[in-house]
1. Excluding ASP78 itself, what net charge comes from residues whose Cβ is under 12 Å from its Cβ, given Lys and Arg +1 and Asp and Glu -1?
2. Restricting to the chain, compute how many DSSP beta bridges are antiparallel as a %, nearest 5.
3. Is segment 246-321 rounded, prolate or oblate when judged by the Cα gyration tensor, a ≥ b ≥ c being the square roots of its eigenvalues, rounded requiring a/c under 1.5 and prolate requiring a/b larger than b/c?
4. Please give the charge dipole size of segment 140-275, origin at the Cα centre, charges +1 on K and R Cβ atoms and -1 on D and E Cβ atoms. Round to the nearest 20 debye.
5. Which residue, LYS224, LYS310, LYS343, has the most motion in a Gaussian network model of the chain that connects Cα atoms within less than 10 Å?
6. Net charge within 15 Å of GLU195 by Cβ-Cβ distance, Lys/Arg positive one each and Asp/Glu negative one each, not counting GLU195 itself?
7. What size of dipole, in debye to the nearest 20, comes out for segment 240-307 about its Cα centre when the only charges are +1 on Lys and Arg C-beta atoms and -1 on Asp and Glu C-beta atoms?
8. Identify which of ARG218, ARG157, ARG331 has the largest mean-square fluctuation in a Gaussian network model of the chain, with springs joining Cα atoms closer than 10 Å.
Amino acid sequence: MATQESYEQGRGTGRRALLGAAVLGASGAVLGLPGAAAADARPSAGLKSLPVPAIIGHRGASGYRPEHTFGSYQLALDLGADIVEAGDLVPTKDGHLVCRHEPEIGGTTDVADHPEFAGRKTTKVLDGVPATGWFTEDFTLAELKTLRAIERIPANRPHNTLYNGHWEIPTFEEVLKWQDEQTRKRGKQVWIYPETKHPTYLRKLGLGLEERVAKLLRKYGKDKRNSPVILQSFEPGSIERLNKLVDNPLVVLLSTADSRPWDFVDAGDPRTVADLITPRGLREIAGYAQGIGPTLDLIIPKDANGRLTKPTTLVADAHKVGLILHPYTMRNENPFLPAEFRKGTEVDGYGDAFGAFKTYFATGIDGVFTDNADTGLLARADFLRG
């Protein structure tokens, strides 16, 4: 037991050291110090090869294509994203991993138009919240492959509905093959950033995610410290489990300060996200993960009118313990921007996303998830030029 614990601790330390260099690079870029990281990829291996701040294509290029489709993933790369979030992983009835925002797929596929699946519509309690619709765990992979993706938020992105029905649901194994194919074609390493979705809920159904993720990563030789696959989850327990199965960089996602990770709720752990972002909580996370993915409001809170207030100390506190920060999510449309960056009242209208990006970059974050990678890249170039 002692030997195994020592091995796990050593493995985690190695990963933290790797990301620590990325943190130092981020500090240099933000402060404009000599030798600061430029937007061009650095020549060293692993996460240190990524630009800082990194532009992460959120569910691909979901500002322009239905999310979690190869159309969205491909466009994110074409637009220049440094990393593609491909994808949010949920299981099928027969144990395959597929890429959907949630296990419930009524809002992201055309399943409602398939009369043969009308009887599958049901209500389940997902992490304590009733949800009605169709769930991936009630379908075989072959059945899911008969469905096609649709735009999840058509009111904000009516232009995306043009592409409804063009792409099927990708599997995680297909994504891993696509990653290799794109790396060869583009002559540069393609990075992906998959997430385990609702792992406690799914494990209780006998569909544990972490072992399935690890098995596929091992199959394709992508379970190493320098592998171009960063794993993330809103459940710290899922990241701790992955820490024992693979050597990949690991990131704990953090929702609002008053929220509790569902595995904490399930285990009777009273801590909230506010507890996890204290210096003590961050030190604990650094024992098994290499980064955090906080909501942007944990970086700069908003007031009652939706305007930004003073940045918190989270960036500095996380960097002190060797954690990188990849907050979420920057979007161009008015409703998703801080109030002072909105232009007009149209829900599908663009605001001053460049101003918002600059404000968040100035806090020293190491990257950001965005639905609009092209906007993020231009904003980064402007920011690094000073």
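The values are calculated or read from the model by the stated rules, or taken from the named source; none is laboratory data. The model shown is predicted, which means the values in this text are computed figures rather than measured ones. Cβ placement follows ideal geometry from the backbone for every residue including glycine, while neighbour counts extend to all protein chains displayed. Surface accessibility is based on the protein's heavy atoms, side chains included, excluding ligands, DNA and RNA. Shrake-Rupley method; radii C 1.70, N 1.55, O 1.52, S 1.80 Å.
1. +2
2. Roughly 35 percent of the DSSP beta bridges within the chain come out antiparallel.
3. Here segment 246-321 falls in the oblate category.
4. 600 debye
5. Largest GNM mean-square fluctuation: LYS310.
6. Neighbourhood net charge equals -3.
7. Charge dipole, segment 240-307, about its Cα centre: 140 debye, nearest 20.
8. Maximum fluctuation in the GNM of the chain, among the listed residues, is at ARG218.
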